[in-house]
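This report refers to the structure that appears directly beneath it.
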Amino acid sequence: MAQLILRPPPAIDHGDHVCGLFDSAAERQWAMEEFVVAGLAAGDRVMCSCERNEQESFVERLDIAGANASSAVRTGQLVLRPAAQIYVPQGYFDPELTARMLIRAIDKAVEDGYCGYRATGGLVESIRDAISVSQLQEYEQLLEATYSTMPAAGLCQYMTFPVSLDPLYLAKEAHSMFVSKPAWDDGTLSVTPLADRIGIRLDGEVDEMNGSHLRDVVEELAKSCGSTLAEIHLELAGLRFVDCASASLLANLAQARGNLRLVLHDPPESLRRVVGLFWPESYSFELCPS
Amino acid sequence: MPFVSRATSEEKTHEMVGGFEHIAFFYSSEAEYVDVIGEFVEEGLALGEPTLIAVPTDKIEFLGGILSDHSLEIGIIDVNLLGRNPARLNTVFERFYEENKSFRTRIVCEQSWPGRLATESLEVARHEAISNIALEGRMCTMLCPYDYANLKATVVFDAARTHPAIVHGGITQPSPDFTDPYALCNSDAFSLDPPPDGCRLFEIGYSPLISYRMKIRAGASAAGLDSGKTADLVLAFNEAATNTMVHGNGWGEVRTWSDSGQFVCEVADKGLIDNLLVGLRLPDPYADNGRGLWLANQLCDLVQIRSGSRGTTVRLRMSGANKD
């Protein structure tokens, strides 16, 4: 697998073929909306797989977000289609045909005066059985070739549950980028994914109220690296406080995984002290500057 | 030779295979100080006993001859730097034992000096008492020098109460005032002065800890602590307050004030800590809990822990505050 690159949905741009690996429908919806809003704002035509009974509410949410999606649907800038219409228009899945249709749609968007084309879709339950693992692999490879050479970007949606492991693995292998997790803010701590490295920026304070959530976020990032060595960057210049128990949760996570290294950039003095006292020689933490 | 005078070297070696020997050394002159400690160290090295010397900065200079003769054989700790909080020395000693657990060891440990703050001297005395519990069974002889001529009588009396044996005037003898350390620590011997009138007071337990940390941060900063010490104090406070939330019925009182150039932060609750060694032993860094008060001891210049039927008080002190 190529070097893992994380992209927040708004930062996805032409040439990007991004894997969205989602733990929940809400997370998937967040990424779709961010992706569509950014595409419309960039002047691209945006195609989004969306079942008919969900289209009205989807457009409404985009309108509330300020994307003026109702108008975009009317002008043809935003195209919503059920997944079956995109992937199995003739009752079966043909990777080559589907990829050719994508290339045609990109060319048409440019002809129509748009800056480019963005597409996001996923395999809904009703069509999942119609697509084999080898077809999925072939299709993703065609998409990689298409997006990397055309004024277009794609966000492929996969749910971690329920899915069998093999297709998920193949899907991950076919992408050079992953969509990052949504930012999170509980009023005490805000967690923002980094756009250029695997990692997060933390602002605020970490204690017994949110320490386990932070551990979960870091664990999720580590999982996305698979069995390879995971180096996760934590930008901490905006962090005022970390309690000992939360630092310990991260240390225990790193020790349990065995292949996780947390690079702490500009940590608060208190965290430096805690790491120095409890894990002075540990491979799990790297302090920057040292 | 006050140590070997109790037995021949051969008998002494056999005798020392036993447990912890804790001896106060009341000295009256620099010459006596250097002579006795020199003999103690030389004797130990002759017996192959690893030796650690923990004394104030000026005493390291006194002992310059001994230390330079054996610079590769003796560990040296500057108590003014590391041992301002006497609880930290316990961790240093434990590591020393672990590194040398195949041997009987020797330690020289001087923690009291004329002019030391009364609160610090009180805590030194309490830790001297607790050492008898913490180090029980350890193959170690600890010699604790006391400046008999210049220390306050209360400090000397506390030394007599907390050491089973005393070297004084060239004679080693049992201390007639030695008191069972559990009984001493559970008596009023080391009770804390009440917080001063007019100290700041707030309750904890009803809001998230971040709101209390903000108060401590603001108070410490206003009292003159620099950002590093403020950060350390806030972290130590958080650990003490977390203990209150978890073990102290979820409710407690926090008081802060300044005293003799120290910012003081006291967390009091109705919980009970029935272990005198709490906060002294190096915790497992990967354990789920049990680190808080040890961490507080590493961060603060002094931590005073008192617990009994009326509840628990943890008083954190950090130097660097504006003097009144």
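Assorted remarks:
- Lone unmet requirement of (1) open to solvent by less than 10 Å² (accessible area, probe 1.4 Å); (2) within 14 Å of chain B (Cβ to nearest Cβ) for A:PHE285: (1)
- Taken over the range B:242-255, the criterion of being away from chain A (no Cβ under 14 Å) and either open to solvent by less than 10 Å² (accessible area, probe 1.4 Å) or of a type in the set (A, V, I, L, M, F, W, C) (or both) is satisfied by B:GLY248, B:TRP251, B:GLY252, B:VAL254.
- Residue in the range A:183-200 that is among the β-branched types (Val, Ile, Thr), more than 14 Å from every other protein chain (Cβ to nearest Cβ) and assigned to a loop (DSSP other than H, G, I, E, B) present: yes
- Count of residues meeting criterion [open to solvent by less than 50 Å² (accessible area, probe 1.4 Å) and either over 13 Å from B:SER307 (Cα atoms) or in a loop (DSSP other than H, G, I, E, B) (or both)] in the range B:168-186: 6
- With respect to (1) modelled with pLDDT of 90 or more; (2) open to solvent by 10 Å² or more (accessible area, probe 1.4 Å); (3) in a helix (DSSP H, G or I); (4) more than 10 Å from every other protein chain (Cβ to nearest Cβ), the lone exception for A:ALA245 is condition (4).
- Checking each residue in the range B:156-165 for being open to solvent by 10 Å² or more (accessible area, probe 1.4 Å) and closer than 19 Å to B:ILE37 by Cβ picks out B:VAL156, B:ALA165.
- Yes/no for B:LEU143 being free of Cβ contacts under 8 Å to residues at least 40 places away in the same chain and either under 26 Å from B:GLU30 (Cα atoms) or open to solvent by 10 Å² or more (accessible area, probe 1.4 Å) (or both): no
- In the range A:236-290, the qualifying residues are those that are among the polar types (S, T, N, Q) and without any contact (Cβ under 8 Å) to a residue 40 or more places away in the chain, and the one that is farthest from B:LEU299 (Cα to Cα) is A:ASN259.
- Flag if A:LEU102 is part of a strand (DSSP E or B) and buried (at least 16 other Cβ atoms within 10 Å of the Cβ): no
- Qualifying residue in the range A:210-217 (condition: assigned to a strand (DSSP E or B), modelled with pLDDT of 90 or more and within 14 Å of chain B (Cβ to nearest Cβ)): no
Let's see how each residue does on (1) more than 14 Å from chain A (Cβ to nearest Cβ); (2) under 28 Å from B:LEU299 (Cβ atoms); (3) not in a strand (DSSP E or B):
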site	(1), (2), (3)
B:ILE166	yes, no, no
B:ASP193	yes, yes, yes
B:SER207	no, yes, yes
B:LYS215	no, yes, yes
B:LEU225	no, yes, yes
B:VAL234	no, yes, yes
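- Unmet criterion (only one of (1) within 14 Å of chain A (Cβ to nearest Cβ); (2) out of contact with any strand residue (DSSP E or B) (no Cβ under 6 Å at 6 or more places or on another chain); (3) not hydrophobic (A, V, I, L, M, F, W, C)) for B:ASP259: (1)
- Candidate set: the range A:12-59, residues that are out of contact with any helix residue (DSSP H, G or I) (no Cβ under 8 Å at 6 or more places or on another chain), charged (D, E, K, R) and more than 20 Å from A:PRO182 (Cα to Cα); chosen: the one surrounded by the fewest Cβ atoms within 10 Å (Cβ to Cβ): A:ARG52
- Total residues in the range A:142-173, condition modelled with pLDDT of 75 or more and either in a loop (DSSP other than H, G, I, E, B) or loosely packed, with under 15 Cβ neighbours inside 10 Å (or both): 5
- Neighbours by Cβ (under 7 Å, 6+ apart or cross-chain): first from the range A:214-227, open to solvent by less than 10 Å² (accessible area, probe 1.4 Å); second modelled with pLDDT of 80 or more and not hydrophobic (A, V, I, L, M, F, W, C): A:LEU214/A:SER246; A:ALA222/A:ARG257
- The set of residues from the range B:287-306 being closer than 19 Å to B:CYS185 by Cβ and either open to solvent by 40 Å² or more (accessible area, probe 1.4 Å) or within 14 Å of chain A (Cβ to nearest Cβ) (or both) comprises B:LEU293, B:TRP294, B:ALA296, B:ASN297.
A quick yes/no check of all residues on (1) of a type in the set (D, E, K, R); (2) closer than 25 Å to B:PHE62 by Cα:
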residue	(1), (2)
B:GLU94	yes, no
B:ARG104	yes, no
B:GLY115	no, yes
B:ASN132	no, no
B:ARG138	yes, no
B:ALA153	no, yes
B:HIS168	no, yes
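- When B:GLU239 is tested against the conditions (1) surrounded by 22 or more Cβ atoms within 10 Å (Cβ to Cβ); (2) within 14 Å of chain A (Cβ to nearest Cβ); (3) in contact (Cβ under 8 Å) with a residue 60 or more places away in the chain, the lone failure is (3).
- Single unsatisfied condition, B:LYS215 versus (1) over 24 Å from B:ILE130 (Cβ atoms); (2) surrounded by fewer than 16 Cβ atoms within 10 Å (Cβ to Cβ): (2)
- Of all residues in the range A:64-87 being open to solvent by 50 Å² or more (accessible area, probe 1.4 Å) and part of a helix (DSSP H, G or I), the one that is nearest to A:GLU111 (Cα to Cα): A:THR75
- Of all the listed residues (B:ASP284, B:ASP269), the sole one being open to solvent by 10 Å² or more (accessible area, probe 1.4 Å) and away from chain A (no Cβ under 13 Å) is B:ASP269.
- Every residue from the range A:39-54 that is free of Cβ contacts under 8 Å to residues at least 40 places away in the same chain and within 22 Å of the chain's Cα centre (by Cα): A:LEU40, A:ALA41, A:CYS50, A:GLU54
The values are calculated or read from the model by the stated rules, or taken from the named source; none is laboratory data. Everything quoted here is computed from the prediction, not taken from an experiment. Here Cβ is always computed from backbone atoms with ideal geometry, including for glycine, and neighbour counts include all displayed protein chains. All accessible areas refer to the heavy atoms of the entire protein, side chains included, with ligands and DNA or RNA removed. Shrake-Rupley method; radii C 1.70, N 1.55, O 1.52, S 1.80 Å.
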